[in-house]
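Beneath this line is the structure, given in C-alpha cells, with notes to follow.
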Amino acid sequence: MKKTKRVFLIVLDSCGIGNAPDAKDFGDYGANTIKSISQSKEFNIDNLLSIGFSHIDGLSYLGDGALKSKVARLCEKSKGKDTTIGHWEIAGVVSEKPLPTFPNGFPESILKEFSDKTGRGVICNKTYSGTEVIKEYGEEHLKTGALIVYTSADSVFQIAAHESIVPPEKLYEYCRIARDILKGDFGVGRVIARPFEGEYPFKRTPRRHDFSIEPPKETMLDEFKSKGFDVIGVGKIHDIFAGKGLTEYVFTQNNADGMNKTTEYQNKDFKGLCFVNLVDFDMVYGHRRDVDGYAKALTEFDRWLGDFVGNMREDDALIITADHGCDPAFKGTDHTRECVPFILYGNSIEPENLGTIEGYDYISKIVKEILVKE
C-alpha cells in the first residue's frame, strides 16, 4: 500500500450497519442504524455510494455504486457499545472488560463525597433520557440548586444544571471533581456536563463537555505524537482520549461546525492525523429516535463529502467509520451493538472489498501502515 502524509479519520458517531455477531448478548438483535434511516425520504448518500459504500458486506440493498475505495465491515472486539470503548478500539486499544455501568444509580457513598466537595445537593440518581430528566427534575433544580445526576446504559455519570444557576465553567469544575472521585470499580468512561437553559420544558445548550477516563494504555495517537507527527482532534476527540496523544484540538458546536473545521484543516499544511468525531448523529438524532433527522444529517454529511473528496491532495487519505450503533427505529433510547463501516479512500489507495474484519483496531493498523512523515 502506498504511503500518505495526511490521514483524515472521520467517525460518524453511532452510524452502525447492523449484523453484530453478538448483538443478542446486548439485547440488540435486529438493530441496524443505516437500514432504518435508509427508509426515510430525507436519505440521499450519492457521494458515499460513488466511492463504494454499498460494496460493504450487508449494504448491497443501498443500490449500485463504483468501488473506488478499500471497504470493509468491522465487528467490535471490545466488551461494550459506547463512544469511549469504540474510539479506543479504533485507536488500537481493545477493552476486554466493559466499563462499569450503574443501572440502579450510584452508591450513596459516591454521591455524598460528590455533594460534600461541590457544596450542592444531588437529585435523581437514576437511569434517564437526557431530555426527559430536565423535564422531570428541572424545576426542583431551579428551586433548590441541587445538581441533577443521572446515568444511562452507557458508562457515564451525567450532571445537568441550568446555566442561570450553575454557569458552564462551574459545571465543568463539578465534573472534574466527579472525575477525580470516580476511579477503580467506579471508573466510568465519561463524566458529562449537561447544561440547559430557558423555561419548562427547558432546552439543552451546546456547551456539553465530556471528561473521559484515560485509556488504559497508549493508543496510536500517543505513538504518532512521539514520532513527531501532527495529531489533530476535531470535536469530542480531545474529551474521549482525555487529551492524551494530541498536538492540537478544536471543539465543535454541531456536525456542521465539525465539517467546517475539518475543511479548514484540509486547507492547512500538516503531516499526520486529523481525527474527527461528528456527534449529532448519535446525540441529537439516534438517542432521540429521530429517523428523518438522522437521515437528513447523513445526507448533509454526504453533500459536504463531495466537496471534501474533490479537494483532497495526491498524498491524502480519507477514512470514514463509526464507533457503535444507535438505531433510531429500535427499542429504547440507548446505543445498539452493531458492526461499523470502513472506507479508505485516496488517490494512492487501491480499491478492494476486504469483506468482514474482526476488530475496529484494524483502523489503527492501516493508519500506521500508510502514514509517513516524509
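The values are calculated or read from the model by the stated rules, or taken from the named source; none is laboratory data. This structure is a prediction, so every number in the text was calculated from the model and none was measured. Glycine also receives a Cβ, built like all others from the backbone with ideal geometry; neighbour counts cover every protein chain displayed. With ligands, DNA and RNA removed, areas are computed over all heavy atoms of the protein, side chains included. Shrake-Rupley method; radii C 1.70, N 1.55, O 1.52, S 1.80 Å.
Annotations
- The chain pair-distance distribution - Cα-Cα, 10 Å bins, rounded %: 5, 25, 34, 24, 10, 2, 0
- With a Förster radius of 22 Å applied to the beta-carbon distance between residue 126 and residue 185, the computed FRET efficiency rounds to 0.65.
- Taking the C-alpha atoms only, the angle from helix 255-266 to the longest principal axis of the chain is near 50 degrees.
- Per atom type, the chain shows carbon and sulfur on 46% of its accessible surface, probed at 1.4 Å.
- Average accessible area per residue (Å²) across the range 267-343 - probe 1.4 Å, nucleic acids and ligands excluded: 32
- Over 30 Å (Cα to Cα) - which of 35/170; 68/268; 203/236; 70/183; 244/331 fall in this group: 35/170; 70/183; 244/331
- In this calculation the C-beta distance from residue 29 to residue 269 is compared with R0 = 51 Å, giving a FRET efficiency of 0.60.
- Principal-axis analysis of the Cα atoms of the chain puts helix 108-118 at an angle of about 90° to the longest axis.
- Rounded, prolate or oblate (a/c below 1.5 giving rounded, otherwise prolate when a/b exceeds b/c) for the range 285-374 by Cα gyration tensor: oblate
- For the range 147-155, Karplus couplings with θ = phi - 60° (6.51, -1.76, 1.60), whole Hz, Gly/Pro x: 7, 8, 10, 8, 9, 8, 5, 7, 8
- The range 15-61 shape via C-alpha gyration tensor axes, a/c threshold 1.5: oblate
- With R₀ fixed at 45 Å, the C-beta to C-beta distance from residue 144 to residue 214 puts the FRET efficiency at about 0.85.
- The chain: angle of helix 168-181 to the longest principal axis, Cα-based, in degrees nearest 10: 90
- Kirkwood-based Rg to Rh ratio, the range 220-367, C-alpha trace: 0.95
- Gyration tensor verdict on the range 127-188 (Cα atoms; rounded if a/c is under 1.5, prolate if a/b is larger than b/c, oblate otherwise): oblate
- Only beta bridges with both residues in the chain are counted; by DSSP, about 30 percent of them are antiparallel.
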